């Protein structure tokens, strides 16, 4: 691993420690009655633990011969795919109130399967239907969220 992994892991560990410490001031509560600092405490603790893992991996690989550096964009079309996914997230956010949660999620996931996954049509349609249906069940019935119905009605 590179020297940058050592430094970035130290910075991330300090950031996680500061987040966890400051969330204690908000009050983390108890497991059954979490306080406002509960989630930031867990996030900061997770960040610190992951940073320790990166630091240990950097120390272990320090004596080994350096690997050939990987390209940031391994394929030439990667930039295009990242741009399309970013634009699709923006479009999803804009149209989900008009078309409804289920239809927009179906179209969004189908688009991701085609653009990113390059799957066959039966996989695209099946995956998009299942993802849309499961997300609808989770948000509508289990979490009892108010989802936009749009033109579909569900």
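Any idea how far apart residue 6 and residue 145 come out in nm if each label point goes 7 Å out from Cα toward Cβ?
Between residue 6 and residue 145, the label points sit 4.4 nm apart.
Rank the residues 130, 143 as a footprinting-exposure proxy: fewest other Cβ atoms within 10 Å of their Cβ go first.
So the residues, fewest neighbours to most, are 143, 130.
Just to be sure I understand the model, the point goes 7 Å from the Cα along the line to the Cβ. What's the resulting residue 50 to residue 26 distance in nm?
The answer from the label model is 1.8 nm.
Express in nm, to one decimal, how much length is gained between residue 118 and residue 133 on full extension, taking 0.36 nm for each residue of separation and deducting their alpha carbon distance.
Full-extension gain reported as 3.2 nm.
Output the direction-averaged projected area (hull surface divided by four) of the convex hull of the alpha-carbon atoms of the stretch 91-144, in nm².
Computed as one quarter of the Cα hull surface, the answer is 3.7 nm².
Which option, (i) 37, 28, 13; (ii) 34, 18, 13; (iii) 23, 20, 15, is the value of semi-axes √(5λ) of the Cα gyration tensor in Å that was calculated from these coordinates?
Given (i) 37, 28, 13; (ii) 34, 18, 13; (iii) 23, 20, 15, the calculated one carries the label (i).
Quick check on the stretch 3-60: what are the equivalent-ellipsoid semi-axes from the Cα gyration tensor, as sqrt(5λ), descending, whole Å?
27, 10, 5
No value in this document is a laboratory result; all are computed from the given coordinates. What you are looking at is a predicted structure, and each value in this text was computed from that prediction instead of being measured. Note that each Cβ is placed from the backbone with ideal geometry, even for glycine, and that neighbours are counted across all protein chains shown.
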